[in-house]
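The values are calculated or read from the model by the stated rules, or taken from the named source; none is laboratory data. Please read all numbers here as calculations on a predicted model, not as lab measurements. With ideal geometry, Cβ positions are generated from the backbone for all residues, glycine too; neighbour counts draw on all protein chains shown.
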Amino acid sequence: MKLISFTRLGRCGFGAVDGNNIIDLTEKFGPEINSIKRIIELELLPQLEGFIEDRTPDFSLSDVTLLPTIPDPSKILCVGLNYAKHQAETGRPDVDHPTIFTRYADSQVGHLQPLIKPNDSDRFDYEGELAIIIGRGGRCIPEETALSHIAGYSCYNEGSVRDWQRHTSQFVPGKTFPGTGGFGPYMVTADEIGDYTQLPIETRLNGEVMQKATLADLIFPLATVISYISGFTPLSAGDVIVTGTPGGVGDKREPPVYMQPGDTVEIDIGPVGTLINSVIAEPSF
């Protein structure tokens with residue numbers, strides 16, 4: 001099942017994807033249930049399959065503006081340096097624990113919405129990543145059961161403003177400029193994915209392959225990441241974990257390659273979908 005967040009006629013909503021169409025689920029389970037996050041919080045995902053079966057779609061994907069898969073997460077936690085080739089190209093040493101930093105919800109845009117290149121930098125880099133959406137929350141989650149806490153998967157372009165990222169040893173200033181991260185096109189529920197380590201991941205910039213790996217290449221697998229994060233902060237339904245990017249980032253190429261206005265970036269994770277964003281310049285203030 002694929003669930004999507006959108007706006008239509010000035011109203012935020014969510015629905016199930018049916019080919020090129022949407023089955024609108026907004027407020028179908030109650031007047032306050034108008035988001036994927038709320039459905040997850042109320043543990044209603046299992047009921048959706050039966051509800052949407054044989055239903056006629058309500059409108060086309062072309063009739064809506066797509067939002068980030070989860071527009072309103074309580075937490076967005078990102079894993080840095082989680083592929084060996086990316087770690088090697090940065091020159092950073094091996095570590096015993098995942099490198100974790102945060103993004104903010106207003107740094108995200110949806111599928112087919114433009115990423116915004118900040119005026120303050122010419123070093124706006126792509127990072128194709130798998131995002132996981134937490135279903136069942138918890139604290140100090142054991143690795144043995146951690147994967148059962150995943151509600152679904154999505155694609156993420158964790159756009160990075162490299163010079164701001166390096167102002168200090170802390171990554172956050174370069175990771176959360178408004179409109180710099182793409183998240184979508186939808187959430188594919190965990191039951192449709194099976195063994196996530198078999199997923200391919202590929203980033204294309206204007207059609208050229210820039211990053212290519214599989215999720216089996218993660219240094220810290222998803223169960224380890226979930227368990228580690230839940231050790232220092234309680235995870236909640238709808239929280240998002242962005243799991244790391246493969247080698248091939250633009251900043252480490254010779255010469256460097258950065259995203260520019262007019263570019264198109266695709267993050268392709270096979271059955272999880274393909275996230276597509278154009279790039280525009282930040283409006284002048």
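Residues that are more than 23 Å from Ile276 (Cα to Cα) and either touching a strand residue (DSSP E or B) at 6+ places or on another chain (Cβ under 7 Å) or hydrophobic (A, V, I, L, M, F, W, C) (or both) within region 189-216 comprise just one, Ala216. Report yes if some residue within region 105-114 is farther than 23 Å from Leu205 by Cβ and at pLDDT 95 or above; otherwise report no. Taking every residue of region 105-114 in turn, at least one turns out to be farther than 23 Å from Leu205 by Cβ and at pLDDT 95 or above. Among the residues making up region 175-190, those that are among the hydrophobic types (A, V, I, L, M, F, W, C) and either surrounded by fewer than 24 Cβ atoms within 10 Å (Cβ to Cβ) or assigned to a strand (DSSP E or B) (or both) are Phe183, Met187, Val188, Ala190. Among the residues in region 80-87, are any farther than 21 Å from Leu199 by Cβ and outside any helix (DSSP H, G or I)? No; the residues of region 80-87 include none that is farther than 21 Å from Leu199 by Cβ and outside any helix (DSSP H, G or I). Taken over region 44-71, the criterion of being within 22 Å of the chain's Cα centre (by Cα) and more than 20 Å from Ala151 (Cβ to Cβ) is satisfied by Leu61, Ser62, Val64, Thr65.
Taken over region 229-283, the criterion of being crowded, with 21+ Cβ neighbours inside 10 Å, touching a Pro at 6+ places or on another chain (Cβ under 7 Å) and polar (S, T, N, Q) is satisfied by Asn277 alone. Selection over region 1-11 of residues that are in a strand (DSSP E or B) and under 19 Å from the mean Cα position of the chain (by Cα) gives a count of 6. Counting the residues of region 57-79 that are assigned to a loop (DSSP other than H, G, I, E, B) and at pLDDT 95 or above gives 11. Scanning region 177-231 for residues that are within 17 Å of Gln87 (Cβ to Cβ) and of a type in the set (Asp, Glu) returns a single hit, Asp217. The set of residues in region 145-189 being hydrophobic (A, V, I, L, M, F, W, C), out of contact with any helix residue (DSSP H, G or I) (no Cβ under 8 Å at 6 or more places or on another chain) and within 16 Å of Asp268 (Cβ to Cβ) consists of Phe183 alone.
Being closer than 17 Å to Thr243 by Cβ, of a type in the set (Gly, Ala, Ser) and surrounded by 14 or more Cβ atoms within 10 Å (Cβ to Cβ), is that true of even one residue in region 65-74? Talk me through it step by step, then tell me what you get.
Pass one, region 65-74, residues closer than 17 Å to Thr243 by Cβ: 68-70, 73.
From what is left, the residues that are of a type in the set (Gly, Ala, Ser) are none.
No: region 65-74 contains no residue that is closer than 17 Å to Thr243 by Cβ, of a type in the set (Gly, Ala, Ser) and surrounded by 14 or more Cβ atoms within 10 Å (Cβ to Cβ).
Going through Ile22, Ile33 one at a time, which residue ends up being farther than 25 Å from Leu215 by Cβ, part of a strand (DSSP E or B) and not assigned by TED's automatic domain parsing to the domain that holds Val172? Reasoning before the result, please.
Working: Ile33 fails: part of a strand (DSSP E or B).
Testing whether each residue is farther than 25 Å from Leu215 by Cβ, part of a strand (DSSP E or B) and not assigned by TED's automatic domain parsing to the domain that holds Val172 leaves just Ile22.
Got a number for residues in region 1-33 being closer than 16 Å to His111 by Cβ and surrounded by fewer than 14 Cβ atoms within 10 Å (Cβ to Cβ)?
Filtering region 1-33 down to residues closer than 16 Å to His111 by Cβ leaves 2-8, 12-17, 19-22.
From the residues that got through so far, the ones that are surrounded by fewer than 14 Cβ atoms within 10 Å (Cβ to Cβ) too are 19-20.
Within region 1-33, residues that are closer than 16 Å to His111 by Cβ and surrounded by fewer than 14 Cβ atoms within 10 Å (Cβ to Cβ) number 2.
Remark: pairs (first residue in region 16-39, more than 14 Å from Lys2 (Cβ to Cβ) and touching a residue at least 24 places away in the same chain (Cβ under 8 Å); second residue hydroxyl-bearing (Ser, Thr, Tyr) and not in a loop (DSSP other than H, G, I, E, B); Cβ separation under 7 Å; 6+ apart in sequence or on different chains) = Ser35/Ser5. Contact map, region 128-139: residues that are of a type in the set (Lys, Arg) paired with residues that are in a strand (DSSP E or B), Cβ distance under 9 Å, separation 6+ or inter-chain. Pairs shown: Arg136/Ile150; Arg136/Ala151; Arg136/Leu235; Arg139/Leu235. All conditions but one from (1) over 16 Å from the mean Cα position of the chain (by Cα); (2) more than 22 Å from Pro73 (Cα to Cα); (3) of a type in the set (Ser, Thr, Tyr) apply to Thr203; the one that does not is (1).
Determine whether Val172 is more than 13 Å from the chain's Cα centre (by Cα), of a type in the set (Val, Ile, Thr), farther than 17 Å from Pro73 by Cβ and surrounded by fewer than 24 Cβ atoms within 10 Å (Cβ to Cβ).
On the way: more than 13 Å from the chain's Cα centre (by Cα): yes; of a type in the set (Val, Ile, Thr): yes; farther than 17 Å from Pro73 by Cβ: no; surrounded by fewer than 24 Cβ atoms within 10 Å (Cβ to Cβ): yes.
For Val172, the condition - more than 13 Å from the chain's Cα centre (by Cα), of a type in the set (Val, Ile, Thr), farther than 17 Å from Pro73 by Cβ and surrounded by fewer than 24 Cβ atoms within 10 Å (Cβ to Cβ) - is not met.
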